[in-house]
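Undergrad: Quick one: structure below, then a few questions.
The values are calculated or read from the model by the stated rules, or taken from the named source; none is laboratory data. Worth saying up front: this structure is predicted, and the values here are computed from it rather than measured. Here the Cβ positions follow ideal geometry from the backbone for every residue, glycine too, while neighbour counts run over all protein chains shown.
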Amino acid sequence: METDGQRVYSVLTTNEVGEKMTSEINQISEVFLLSKSDATLILISLRWNSFKASDRLGDDKEKLLSDLGLVKVFSSCQESDSVSSFAGHENLVSTPFCSHEFSETCWKSHLNNLLERKTEEEERVVCPNPDCVAPVGPDTIEKLTEPAVKMMYDRYVLGSFVEANKESIKWCPAPGCEYAIELHEDLLEDDESSLDFGVVCLCGHTFCWSCTLESHRPVTCKDASVWFSSTLDTLKSNAWLLENTKRCPNCNCHVQRTDDPVLRMITCICSCSFCWRCFRSEEEHNGKWNCVEFSFQLSMRQVDDSRYLRLWETCLEEYENSKSDLKAIEENGVPRLTDNCNFNERDVDAVKEATLLMVQCRLVLKWSCAYEYFIAMYQSAKTQYVKHLRGEATKTLLRHIATQEELMNKALTSGYFSSFKVKLSDSSTITGNYFHEYVKTLESGFPEIQNLVTEDTQQRHNSSSHFTSLHPQLHHHRSSFTDHVTDLEADHKTKERRERSSPALILIAPQLVTCSPSLADVAPPENQETPQLAFDQGPHPRMKNC
């Protein structure tokens with residue numbers, strides 16, 4: 001995202017993060033005449049708070065050093081550099097703050113064990129002696145000759161720096177990625193949600209700044225966590241149950257069919273045996289197996305949940321395809337255009353930006369499916385409007401994709417791209433701005449729709465009250481006539497039920513389980529019926545003793 005031409009975040013390499021850390025160390029070291037090792041230990045102990053370190057050192061430098069155990073000790077049995085060497089043995093190393101000497105093998109084992117279980121509360125690395133709390137600083141590590149030990153300690157120090165500054169610096173959560181993201185808080189509009197489509201790392205991974213999950217706008221972090229942790233798995237599980245199981249007519253449990261396609265009779269764990277197609281027993285068939293399979297009448301919730309699951313999986317597939325397209329363009333498309341069309345660096349950036357925008361838009365459309373699912377559960381009046389917006393956003397993205405394909409084909413044919421670059425950049429700008437407003441609109445929650453529904457309800461109520469006050473007798477006659485018609489209809493339905501010889505067999509499939517999302521922290525209206533739990537319905541329509 002850009003604000004007045006400036007990005008609100010930047011991607012840093014590991015070396016660049018190290019330079020920021022070293023700058024703080026050097027500042028404390030130079031101002032208060034400390035060694036860089038001692039300055040590092042002080043900053044680690046104070047969670048890299050330079051202002052707090054400056055105040056403590058300015059008030060009483062000696063007391064702070066004593067409190068942190070940074071007082072050097074000297075022993076006659078030690079060499080001046082705290083390294084001892086004996087014939088046939090490894091070098092023995094101790095910290096400047098104690099006289100406990102250990103071999104490099106012991107140091108490596110100690111650091112391995114200590115840094116693997118390191119927690120926020122236990123920040124300092126101390127002497128291997130169990131009774132010693134002397135801190136281990138970079139000067140002690142420098143005395144060790146094994147590079148693996150030094151790298152391990154350097155990662156620990158750098159990690160403590162990033163952890164202490166996690167409000168502004170975070171590691172990219174992609175596996176194997178060593179980039180870090182720095183947030184420029186002074187450029188944010190209102191809050192962290194102003195980051196467009198999350199944060200895009202140089203490795204191609206897009207994630208949410210707040211929770212480090214996959215970028216999930218317009219869905220909130222809490223809803224995204226619920227979607228990944230329970231809702232999506234529940235939808236998939238229930239879809240599988242509807243596809244592969246049927247209810248036992250005796251105990252109402254789910255029964256899965258065997259792999260044998262010829263086998264018609266299924267036996268449940270309750271010992272009830274029934275036909276997979278018509279649910280009748282073998283005796284009821286009388287040797288005739290030309291029965292008709294009953295179709296399930298799904299509830300509206302089951303139909304909607306199945307649709308949302310298919311929609312999510314479709315959008316997920318399109319998102320993965322867009323990432324593959326981005327990789328293909330970077331590996332094959334850009335080299336071809338560079339060779340045939342004399343691409344310069346700006347031309348390459350324009351093509352990459354247009355393709356990366358497709359990936360980001362596909363990600364937004366994917367999460368808009370989850371947003372629509374939560375809206376349908378708790379604020380169904382807004383569902384149609386959300387569908388309409390998603391459809392318009394999809395059309396906008398498809399136009400952008402068609403524009404890029406057309407312009408790149410023309411560039412390869414004509415061998416000249418500069419005349420098409422402006423059109424491609426314009427298409428990227430229009431599409432990016434459209435999706436920016438699309439996300440903002442969804443995140444707003446459409447308060448105007450709720451207001452419109454409330455106003456319409458109020459107008460109808462006022463009209464009814466106005467009619468009653470003007471025509472009380474007519475209203476009384478109309479109510480009496482309505483009550484009379486209702487009574488006649490009830491009598492007619494009762495008569496039909498009595499005359500019916502046998503009830504119709506309708507198999508009602510169980511409802512899907514849905515979690516309780518936190519969309520806008522809106523609870524269902526008090527008079528709304530609470531949905532049943534998954535497959536928590538009454539007995540099977542053909543419930544009987546087997």
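Undergrad: Which of the following residues is more than 22 Å from the chain's Cα centre (by Cα) and surrounded by 16 or more Cβ atoms within 10 Å (Cβ to Cβ): Phe207, Phe274?
TA: Step by step, each of Phe207, Phe274 is checked, and only Phe274 is more than 22 Å from the chain's Cα centre (by Cα) and surrounded by 16 or more Cβ atoms within 10 Å (Cβ to Cβ).
Undergrad: Does Asp131 qualify as being over 41 Å from the mean Cα position of the chain (by Cα), in a helix (DSSP H, G or I) and either modelled with pLDDT of 85 or more or surrounded by fewer than 19 Cβ atoms within 10 Å (Cβ to Cβ) (or both)?
TA: no
Undergrad: Applying the selection to segment 302-323, what residues are closer than 16 Å to Leu357 by Cβ and of a type outside the set (Lys, Arg)?
TA: Glu318, Tyr319, Asn321, Ser322
Undergrad: Return the residue satisfying two criteria in turn: it lies in segment 1-19 and is in contact with a Leu (Cβ under 8 Å, 6 or more places away or on another chain) and modelled with pLDDT of 90 or more, and of such residues it is surrounded by the most Cβ atoms within 10 Å (Cβ to Cβ).
TA: Among those residues, the one meeting the criterion is Val17.
Undergrad: Which members of segment 24-64 meet the condition of being part of a helix (DSSP H, G or I), closer than 21 Å to Thr140 by Cα and among the small types (Gly, Ala, Ser)?
TA: Selection gives Ser29, Ser37, Ala39, Ser45.
Undergrad: Examine segment 327-335 for a residue that is in a loop (DSSP other than H, G, I, E, B), modelled with pLDDT under 85 and of a type outside the set (A, V, I, L, M), and state whether such a residue exists.
TA: No.
Undergrad: Looking only at segment 384-420, how many residues end up being surrounded by fewer than 19 Cβ atoms within 10 Å (Cβ to Cβ) and at pLDDT below 85?
TA: 9
Undergrad: Let me ask something additional. Looking at Gln297 and the list (1) modelled with pLDDT under 85; (2) closer than 30 Å to Ser414 by Cα, which single condition is not satisfied?
TA: All conditions are met except number (2).
A quick yes/no check of all residues on (1) at pLDDT below 80; (2) surrounded by 16 or more Cβ atoms within 10 Å (Cβ to Cβ); (3) of a type outside the set (A, V, I, L, M):
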| site | (1), (2), (3) |
| --- | --- |
| Val125 | no, yes, no |
| Pro135 | no, yes, yes |
| Asp139 | no, yes, yes |
| Glu142 | no, no, yes |
| Lys166 | no, no, yes |
| Gly176 | no, no, yes |
| Glu214 | no, yes, yes |
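Undergrad: Could you grab the pairs with beta carbons closer than 7 Å, sequence gap of 6+ or different chains, first residue in segment 256-280 and modelled with pLDDT of 80 or more, second one part of a loop (DSSP other than H, G, I, E, B) and β-branched (Val, Ile, Thr)?
TA: Final answer for the pair search is Cys278/Val292.
Undergrad: Considering (1) part of a helix (DSSP H, G or I); (2) surrounded by 18 or more Cβ atoms within 10 Å (Cβ to Cβ); (3) touching a residue at least 60 places away in the same chain (Cβ under 8 Å), say which one Cys315 fails and leave the rest.
TA: Cys315 satisfies all of (1) part of a helix (DSSP H, G or I); (2) surrounded by 18 or more Cβ atoms within 10 Å (Cβ to Cβ); (3) touching a residue at least 60 places away in the same chain (Cβ under 8 Å) except (3).
Undergrad: Based on this model, can you work out whether Ala224 counts as in contact with a His (Cβ under 9 Å, 6 or more places away or on another chain) and either at negative phi or touching a residue at least 40 places away in the same chain (Cβ under 8 Å) (or both)?
TA: yes
Undergrad: Please go through segment 138-175 and give me each residue that is among the hydrophobic types (A, V, I, L, M, F, W, C), assigned to a helix (DSSP H, G or I) and without any contact (Cβ under 8 Å) to a residue 60 or more places away in the chain, ordered by number.
TA: Result: Ile141, Ala148, Val149, Met151, Met152.
Undergrad: Right, Phe294: in contact with a Cys (Cβ under 7 Å, 6 or more places away or on another chain), in contact (Cβ under 8 Å) with a residue 24 or more places away in the chain and assigned to a loop (DSSP other than H, G, I, E, B) or not?
TA: yes
Undergrad: What is the one condition in (1) in contact (Cβ under 8 Å) with a residue 12 or more places away in the chain; (2) within 27 Å of Ile430 (Cα to Cα); (3) surrounded by fewer than 21 Cβ atoms within 10 Å (Cβ to Cβ); (4) within 28 Å of the chain's Cα centre (by Cα) that Cys369 does not satisfy?
TA: (3)
Undergrad: Restrict the check to segment 365-385 and report whether at least one residue is polar (S, T, N, Q) and more than 30 Å from Arg301 (Cβ to Cβ).
TA: No, segment 365-385 has no match at all.
Undergrad: In the set Arg301, Arg277, which member is closer than 30 Å to Glu372 by Cα and either assigned to a loop (DSSP other than H, G, I, E, B) or not aliphatic (A, V, I, L, M) (or both)?
TA: Exactly one residue qualifies, and that residue is Arg301.
Undergrad: Hey, any hits in segment 182-197 for a residue that's at pLDDT 90 or above, under 18 Å from Leu12 (Cβ atoms) and not assigned by TED's automatic domain parsing to the domain that holds Phe51?
TA: yes
Undergrad: When you look at Glu116, is it at pLDDT below 90, out of contact with any Asp or Glu (no Cβ under 9 Å at 6 or more places or on another chain) and of a type in the set (Asp, Glu), yes or no?
TA: yes
Undergrad: If you don't mind, another one. What about Asn238, is it among the polar types (S, T, N, Q), buried (at least 16 other Cβ atoms within 10 Å of the Cβ) and either at pLDDT 90 or above or more than 27 Å from Ala180 (Cα to Cα) (or both)?
TA: For Asn238, the condition - among the polar types (S, T, N, Q), buried (at least 16 other Cβ atoms within 10 Å of the Cβ) and either at pLDDT 90 or above or more than 27 Å from Ala180 (Cα to Cα) (or both) - is met.
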